[in-house]
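The values are calculated or read from the model by the stated rules, or taken from the named source; none is laboratory data. This is a predicted model, so every value here is computed, not measured. Because the Cβ atoms are built from the backbone with ideal geometry, glycine has one as well, and the counts that use them run over all protein chains shown. Side chains included, ligands, DNA and RNA excluded: accessible areas come from the protein's heavy atoms. Shrake-Rupley method; radii C 1.70, N 1.55, O 1.52, S 1.80 Å.
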Amino acid sequence: MFPARLFAICLVFTSLGAYATPMPPDVAISPTGMHIVINLPQTRLFVYEDGVLSGDFPVAVGKMLTRTPVGEYTVTGIYRNPAWHVPKSIQEEQRRAGKPVQTVVPPGPDNPLGPVFIRFGEARLGLGIHGTNAPSSVPGFRSHGCVRMKSDQVLPLSYRVPLGTPVTVTYQTVLLGEDAKGELWLSALRDRYQHKDDALPKLADTLLSWQQEKQTPLFGKRVDSALKARSGKPVCLSCQAPADARPAGTLTAVQWLRNAAPAAQEFTAEPAEPVMEPQSEAPLNTAVPSPEAPHSATRAATRQPA
């Protein structure tokens, strides 16, 4: 097993993104075990353990034309040192760009999948969380449908995540959270997939209800400014302090979207190309090699967009 202490250290350092306190999306979290949540507009992956947020990571997700589909999945395979069987669609992209056309990229430093591929969902969907040979591409909207992490972050994660772990992929452009002092914060993100945001009408009702319940007035102009800027920066709606103040401690998601109509969070995307099942060895489970030789496990031939 990957040492828990080292994994915890990795989580601490990777939690410090553009803002020290990330705003988690409003998703129902499993109270036991691990649960992975990916909010596409946020290009962020959240790791929960026994219902508590234990870390978050920047990720690259699907481009507009190859969007990562939202949904509820589970981890169905973990493959280390994967070979990448290049889909024909990407071979055609290479051909049009005048680049050498590759059909198979073996494991190694030039492999776009990095050191590990964590598949979620059915193999035919071709979805997974994997490393990269281009760490500067993370975060962003750059992949062909998969969720791309920096290799030094996804590898320790792969030693902790068991098969069957729930993976929730959501699309929330407006986030609400409360900090340790009970102040209300809002974070608005750009709608990169041009998905109609049906949650906005519900936002006004949610803010009104919060005001009435807490007997605390909110700064309406800050709401308007945040929705106009769409910078992703958490803005305090209830603080008497300046609008650019930082949250006190961690932010807890306000429950306002998880029971919304499906159209508020879901859209239809074409599935990615299928994954080729391992030819000889079964997917890894939690009984993994020692960290001294993290790359010595299964070499699964993986046909997957990077």
Local electrostatic count, His35, Cβ distance below 13 Å [Lys/Arg +1, Asp/Glu -1]: -3
Size descriptor, Kirkwood hydrodynamic radius, that averages inverse alpha-carbon separations across the range 34-170, Å: 15.1
Nonlocal amide H pairs with Leu127, under 5 Å, H built at 1.01 Å: Phe120
Mean separation of Cα contacts under 8 Å (6+ apart) over length of the range 34-170, as relative contact order %: 35
Neighbourhood net charge (11 Å Cβ-Cβ; Lys/Arg +1, Asp/Glu -1) for Thr206: -2
Solvent-accessible area per residue, Å², over the range 34-170 with all protein chains present [probe radius 1.4 Å]: 35
Sites Thr216 and Ala28 - FRET efficiency at Förster radius 22 Å, r taken between beta-carbons, to 0.05: 0.25
Label zone at Arg246 (point 7 Å along Cα-to-Cβ), backbone N below 17 Å, the range 202-235: 233-235
Estimated distance in nm for a label pair at Asp50 and Gln102, the labels positioned 7 Å out from Cα along Cα-to-Cβ: 4.2
Accessible area of the range 34-170 belonging to carbon and sulfur atoms, whole % at 1.4 Å probe: 53
